[in-house]
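In what follows, a single structure is set out as structure tokens and then discussed.
The values are calculated or read from the model by the stated rules, or taken from the named source; none is laboratory data. As the structure is a computational prediction, the values presented were derived from the model and not from experiment. Backbone-built Cβ (ideal geometry, glycine too); neighbour counts: all protein chains shown. For accessibility, only protein heavy atoms count, side chains too; no ligands or nucleic acids. Shrake-Rupley method; radii C 1.70, N 1.55, O 1.52, S 1.80 Å.
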Amino acid sequence: MKKNVILLMGLLLCPVLLQAQYRDATKEQQDEIVSKITRAADGMKTLQGDFIQVKELSFMDDKVTSEGKMYYSRTDKIRWEYTKPYKYVFTMDGKNVRMGDKTNKVPVSSSKMFSEISKVMIGGVSGSGLVGSADFAAVFMVGKDDYKVILTPKKKEIKDLFSTVQLYVGKEDHRIHSVELMEKSGDKTTITLKNVRINEAISDTIFSE
């Protein structure tokens, strides 16, 4: 009987312990987190590395995992190159979005949705334009090794796609290590960056190929 009670208490406490991994940030901590992320973003001219993307669909138990390489330039340029389990490229050169191949090109200025999505993608890598933006309601939390920033979009174009954008920021480098995109449909996408290299030269041609 005693063992059963202890087991039951453990099961009940487990969610509490998991939630306790992060605590709400104070106003002073919030200001400090925004300042540190902003400084890190301002000092980041380029970023490149690998990513792992895990998609959890609301109507499926299985997770869909993809891998690839990403490149970012502070001049509003980004490239997501999927290599596993399929090959697919998404690029933005500051003016146009390309999906799949060079010919499938859409001007960013012609679509509010693309414009807002590009901001989320760039902000999800660098923090620029997301953290501290009036376009999002932000909740800041402090963990052992990182900060968690929960962003709830205010603009319709983003609200129609994402219910929240959650950033996990390292305490040491103040850089975003992973992003969780919670979609309105109930789907969840987690992107984790690894083997990241900062401020190494990247040819502009990689954003238009």
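Those residues that are in contact (Cβ under 8 Å) with a residue 24 or more places away in the chain and either more than 17 Å from residue 113 (Cα to Cα) or more than 15 Å from the chain's Cα centre (by Cα) (or both), I need them from the range 156-167; list them, please.
Here is the first cut: in the range 156-167, the residues in contact (Cβ under 8 Å) with a residue 24 or more places away in the chain are 157-162, 165, 167.
Matches in the range 156-167: 157, 159, 160, 167.
Residues are listed down the side, and each one gets a yes or a no for (1) of a type in the set (Lys, Arg); (2) open to solvent by 30 Å² or more (accessible area, probe 1.4 Å); (3) more than 23 Å from residue 43 (Cβ to Cβ):
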residue: 63; (1), (2), (3): yes, yes, yes
residue: 75; (1), (2), (3): no, yes, no
residue: 99; (1), (2), (3): no, yes, yes
residue: 108; (1), (2), (3): no, no, yes
residue: 112; (1), (2), (3): yes, yes, yes
residue: 117; (1), (2), (3): no, yes, yes
residue: 120; (1), (2), (3): no, no, no
residue: 124; (1), (2), (3): no, no, no
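Here is a check on your reading of the model: is residue 59 out of contact with any His (no Cβ under 6 Å at 6 or more places or on another chain) and part of a strand (DSSP E or B)?
Values: out of contact with any His (no Cβ under 6 Å at 6 or more places or on another chain): yes; part of a strand (DSSP E or B): no.
It is false that residue 59 is out of contact with any His (no Cβ under 6 Å at 6 or more places or on another chain) and part of a strand (DSSP E or B).
Scanning the range 37-57 for residues that are open to solvent by 30 Å² or more (accessible area, probe 1.4 Å) and touching a strand residue (DSSP E or B) at 6+ places or on another chain (Cβ under 8 Å) gives 45, 50, 52, 54, 55, 56, 57.
With 75, 26 as the choices, which residue is modelled with pLDDT of 85 or more and of a type outside the set (D, E, K, R)? The match here is 26. Would a scan of the range 45-53 turn up a residue that is under 16 Å from residue 121 (Cβ atoms), at pLDDT below 90 and either touching a Cys at 6+ places or on another chain (Cβ under 8 Å) or not polar (S, T, N, Q) (or both)? No, the range 45-53 has no match at all. When the range 131-176 is filtered for residues that are among the small types (Gly, Ala, Ser), part of a loop (DSSP other than H, G, I, E, B) and open to solvent by less than 40 Å² (accessible area, probe 1.4 Å), the ones remaining, listed by number, are 133, 143. Determine whether the range 177-199 contains at least one residue that is touching a residue at least 12 places away in the same chain (Cβ under 8 Å), assigned to a loop (DSSP other than H, G, I, E, B) and buried (at least 17 other Cβ atoms within 10 Å of the Cβ). Within the range 177-199, not a single residue is touching a residue at least 12 places away in the same chain (Cβ under 8 Å), assigned to a loop (DSSP other than H, G, I, E, B) and buried (at least 17 other Cβ atoms within 10 Å of the Cβ).
Would you mind finding the one in 49, 68 that is under 19 Å from residue 98 (Cβ atoms), of a type outside the set (Asp, Glu) and not in a loop (DSSP other than H, G, I, E, B)?
Details: 49 fails: under 19 Å from residue 98 (Cβ atoms).
On inspection, the qualifying residue turns out to be 68.
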